[in-house]
Amino acid sequence: MPSHETPSPTPLVLPPALARAMPPFPPGAVWLVGAGPGDPGLVTLQAAHALAQADAIYFDALVNEEVLRLARGDCERVFVGKRAGCPSPKQSEITALLVTAARAGKRVVRLKGGDPYVFGRGAEEAQGLVASGTPFRVSPGVTAGIGGLAAAGIPVTHRDVNQSVTLLTAHDASGGLSQRLDWAALSAGSPVLVVYMGFRLMDVIADRLLDAGRPADEPVAVVANATTPRQQVVRTTLGRLAARLDVDNVAPPAIIVVGGVVALAPVLGLAAAAAPEVVEA
Ligand SMILES: C[S@@+](CC[C@H](N)C(=O)[O-])C[C@H]1O[C@@H](n2cnc3c(N)ncnc32)[C@H](O)[C@@H]1O
């Protein structure tokens, strides 16, 4: 696991009243920190406060490394994610690294994409920290399936469209389509579905929803690399998604959103700062 050096960190100076409102970050503690979906502007003040104090940062592949500039120059930066062909370290190995660093008296930041507790194994890491008696705090982040969609002009709720929204992941721990998802219940009860980690299986997901009764002309969007300069927004329909049409030029990570809120994208997407590409199906 290579260490990463980022030159010239910029110290973040908070106004005194805000600085006093920040929780203490004692040596020997681990903070699980959400880095948001990609745009460094979506990092919270609490995350910036933690990064500025950290002695060691363990970060994932979906973290925008620009954010590491908030750390001190002498802070250790360790990549623990998955990259091209290389397997990521096991969860137990990452937890062991965090515990060892904390026991060495470091302030440790575990920096994860989006929100640490949304389909990011943050809760598993927190359980490991609790089991080892390591003091920890979670610092929530903007999750891709809500903030990332907003940046693409898709609100996850609108009073005239949906009174509920369901976040789901297509994967279970085996890496395949989760057998625990009840597609009939999702189809009948969830007007808006937000699917994480569904890129590879998008046709299968669409098929399951069609089989469960969702209409083929229901609007769908695939939002890739949300909030980054590489953001892509493809609007299509469930029927076309089942045939994997319209998504040839899209690269993950991506969120798939199914439901009436997608129809708002042409209007609200115009106002979104980071919405460079919308492909109409
Ligand atoms: C392991 S999950 C982590 C989710 C993260 N904890 C969060 O709250 O956003 C990774 C999945 O999140 C989604 N994702 C994360 N960042 C994204 C982005 N910038 N644009 C689109 N999807 C993203 C994709 O579905 C990706 O496969």
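Restricted to the range 222-239, and to residues that are within 15 Å of the ligand (Cβ to nearest atom) and not in a strand (DSSP E or B), which residue is surrounded by the most Cβ atoms within 10 Å (Cβ to Cβ)? Among those that are within 15 Å of the ligand (Cβ to nearest atom) and not in a strand (DSSP E or B), it is Ala226.
Residues that are within 18 Å of Gly260 (Cα to Cα) and β-branched (Val, Ile, Thr) within the range 163-187 comprise Val165, Thr166, listed in sequence order. Could you check the range 89-116 and list, in sequence order, the residues that are without any contact (Cβ under 8 Å) to a residue 24 or more places away in the chain and not in a helix (DSSP H, G or I)? Matches in the range 89-116: Lys90, Ala104. If a residue has to be of a type in the set (A, V, I, L, M, F, W, C), surrounded by fewer than 23 Cβ atoms within 10 Å (Cβ to Cβ) and not in a helix (DSSP H, G or I) to count, how many in the range 44-62 make the cut? Selection size over the range 44-62: 3.
Of all residues in the range 200-219, those that are within 16 Å of the ligand (Cβ to nearest atom) and of a type in the set (D, E, K, R) total 2. State yes or no: is Gly133 within 28 Å of Val222 (Cβ to Cβ), more than 13 Å from the ligand (Cβ to nearest atom) and more than 16 Å from the chain's Cα centre (by Cα)? Spelling it out, it is not the case that Gly133 is within 28 Å of Val222 (Cβ to Cβ), more than 13 Å from the ligand (Cβ to nearest atom) and more than 16 Å from the chain's Cα centre (by Cα).
Which residue out of Val138, Val142 is more than 20 Å from Lys90 (Cβ to Cβ), among the β-branched types (Val, Ile, Thr) and in contact with a Phe, Trp or Tyr (Cβ under 7 Å, 6 or more places away or on another chain)?
Answer to the selection: Val138.
Restricting attention to the range 152-199, the residues that are assigned to a strand (DSSP E or B) and either out of contact with any helix residue (DSSP H, G or I) (no Cβ under 6 Å at 6 or more places or on another chain) or within 16 Å of the ligand (Cβ to nearest atom) (or both) add up to 11. Close Cβ contacts (under 6 Å, 6 or more residues apart or on different chains) running from residues in the range 31-51 that are free of Cβ contacts under 8 Å to residues at least 40 places away in the same chain to residues that are within 15 Å of the ligand (Cβ to nearest atom) and part of a loop (DSSP other than H, G, I, E, B) comprise Pro40/Asn64.
The residue that is nearest to the ligand (Cβ to nearest atom), counting only those in the range 136-151 that are crowded, with 20+ Cβ neighbours inside 10 Å and assigned to a loop (DSSP other than H, G, I, E, B), is Thr143. Checked against the criterion of being crowded, with 22+ Cβ neighbours inside 10 Å, modelled with pLDDT of 95 or more and either under 26 Å from Gly113 (Cα atoms) or touching a Lys or Arg at 6+ places or on another chain (Cβ under 6 Å) (or both), the range 244-254 contains one or more residues that satisfy it. For the range 118-130, the set of residues classified as in contact (Cβ under 8 Å) with a residue 60 or more places away in the chain, within 15 Å of the ligand (Cβ to nearest atom) and out of contact with any Asp or Glu (no Cβ under 9 Å at 6 or more places or on another chain) consists of Val118, Phe119, Glu125, Ala126, listed by residue number.
The values are calculated or read from the model by the stated rules, or taken from the named source; none is laboratory data. This structure is a prediction, so every number in the text was calculated from the model and none was measured. We place every Cβ from the backbone using ideal geometry, glycine too, and count neighbours over all the protein chains shown.
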